[in-house]
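No value in this document is a laboratory result; all are computed from the given coordinates. Keep in mind the model is a prediction, meaning the values are calculated, not measured.
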Amino acid sequence: PPWWNKPDTRLRVRAKLHMSQEAASGILSMDSLVSYDWELALGDELLTHEEFERLAALKTPLVRVRGRWVLLQPDQVEAAIAFWQKQQERESEQMALSEALSLALGVQQEIDGLGVSEIDTDDQFTALIDTLTRGDQIEHLDPPKGFAGELRPYQVRGFSWLAFLRRWGFGACLADDMGLGKTIQA
């Protein structure tokens, strides 16, 4: 049949990522926590945990899901079972910001043997990703009004980068090679 070799009928996971209250209001680090909800999808159809268990219990590779025949690969079923078991063993439904960014930016495209089909993020997490991926479009800021001196272009970039990191709650280290010098104080 024409649907036999379609790649969209594989078991995959989808995640909904939400900035936790601590991350939203405090200082971010790569260890800051991001809340998540995992969902299992077969192609573009979301499956509840119970639906997946019923399909896995059939122990047959060819199953009918919502009026459509789908090939369930045994290795995918085993990976999905292991994935749900691992999720149940976790103490909380939070992950480190570094892991969440890896998923959201597409660096990590598989988790526990299952492909990641989609990452849905809340507004604050989306804004962080957009800002991080804009690259050189970080807004160049004027020096504070009380600053006595003139910054060179690379110093303006360094100052603007520090302000960007501060706005998002990321820590930063002012280094001599950044060109801002030790005498300028924030």
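See the values below:
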| read-out | value |
| --- | --- |
| Overall Cα dimensions of region 79-126 - principal axes, largest extent first, Å | 30, 23, 16 |
| Residue-wise HN-Hα coupling along region 66-80, computed from phi with Karplus coefficients 6.51, -1.76, 1.60 (Hz; x: Gly, Pro) | 6, x, 10, 7, 9, 8, 9, 6, x, 5, 5, 4, 4, 5, 5 |
| Cut-off under 5 Å, modelled amide H: who pairs with ALA41 long-range | ARG12, VAL13, ARG14, LEU47 |
